[in-house]
Every structure is written in C-alpha cells, then in structure tokens.
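First the structure, in the form of structure tokens, and then the observations on it.
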Amino acid sequence: MFTLDPPHRMRTSRLGIPVAVTATLITGVLAAVSPAAAAPRAADCTVHSDGRLYCGNNPDAKLYSEPNYASPVSGMMHATYSWFTCWQHGQVHPRHNDIWYWTKGDVGQNGYTGWGFMPAYDVRTTADPAPGLPQCAVN
C-alpha cells in the first residue's frame, strides 16, 4: 500500500504560478506531475497586451548590466517563466545570435537591483528578437 505525505509548501514564481513538482497516486501507480502541467502558461512565449514578452527561461539564469558577458552580473533569475520588456543587440552568445532581453531578476547581485540583460540563449523563444517586443532604447 502506498502512502503519500501531505502536500508540502508550494513555491510560486514571481508571476504567482506554482512551480513545485507534486506527486499523485493514480490507480496504484505513483505519477509525477511536471511543472509544465502545474503551470500551463509556461508553454506560452508571446508578447501580451501589457507589451511584455512572457516566456520560459533557463533556471538560475544570470542577468548582466550590459548585453555582454564581460559586464557585471546584476541579478539572478531563479524563476523559469518570466517577463521581458525589450531586447537589444549585444555580444554573440551560444545560441549564435546577439539578442539580449531586458528584465528584472528575482535577486539583485553585486549592488544592483536585479534589472539586467539575459542572453537569448537562456530564453525559450522560437525567434530572436521575439516578434512584437520592442527594441530597448539605447542611451
């Protein structure tokens, strides 16, 4: 006989989407529910009516103060579904393009507030730059 512990505390992303993996007993088989099933919006990668791109990203992605790896790390994105306000050309990264997305990370680093550029390598877009997302204003 299988027994399951009561549900543990659920973690949520900064968008309020559950990200914890839960387990369910179904006809005598222990089945894991994937985070994607717990958060169906995570498959979405489009610009929404607020003008932001909402898209999946790699866990623990670093954000940089400028769109290049030589600039200071300004934040960390622990969530795996995030929003991005614009894109900018920068250093070529492992996805073999130079697109970087501007967002606010979950945690600031090195004295920064967490705002920074995430290389498109870490964002689960199907095209870069993401269609409909504006280019960042360059100062």
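The values are calculated or read from the model by the stated rules, or taken from the named source; none is laboratory data. Note that the coordinates shown come from a computational prediction; the quantities given were computed from them, not determined experimentally. No Cβ is skipped: glycine too gets one built from the backbone with ideal geometry, and neighbour counts run over all protein chains shown. Keep in mind that these areas ignore ligands, DNA and RNA; they rest on the heavy atoms of the full protein, side chains included. Shrake-Rupley method; radii C 1.70, N 1.55, O 1.52, S 1.80 Å.
Given a Förster radius of 22 Å and the C-beta distance between Ser65 and Val92 as r, what FRET efficiency does 1/(1 + (r/R0)^6) yield to the nearest 0.05?
On the way: r = 18 Å, r/R0 = 0.82.
After rounding, the FRET efficiency stands at 0.75.
Can you give the local net charge around Val92? Use residues other than it whose beta-carbon is closer than 15 angstrom to its beta-carbon, Lys and Arg +1, Asp and Glu -1. Present the calculation step by step, with values, prior to reporting the outcome.
Working: positive: Arg95; negative: Glu66, Asp98, Asp122, Asp128.
Result for the neighbourhood of Val92: -3.
If you roll a 1.4 Å probe over segment 43-138 with all protein chains in place, what percent of the accessible area is carbon or sulfur?
On the way: 2420 of 4500 Å².
Within segment 43-138, the accessible surface is 54 percent carbon and sulfur.
For Asp106 paired with Ala137, estimate the spin-label separation in nm (one decimal), with each label point 7 Å from Cα along the Cα-to-Cβ line.
Spacing of the two 7 Å Cα→Cβ label points: 3.1 nm.
Using the Cα centre of segment 36-133 as the reference point, and only Cβ charges (+1 on K/R, -1 on D/E), how large is the resulting charge dipole? Debye, rounded to the nearest 20. Can you show the working numbers first?
Numbers: 6 positive and 8 negative charges, 19 e Å.
Dipole size: approximately 100 debye.
Enumerate the calculated ³J(HN,Hα) couplings along segment 66-72 in order (Karplus 6.51 cos²θ - 1.76 cosθ + 1.60, θ = phi - 60°), each rounded to whole Hz, writing x wherever the residue is Gly or Pro.
Here the 3J(HN,Hα) series is 10, x, 7, 6, 7, 7, x Hz.
Taking amide H positions as placed 1.01 Å from N in the peptide plane, with prolines and chain starts having none, which residues 5 or more places from Cys86, or on another chain, fall under 5 Å of its amide H?
Trp102
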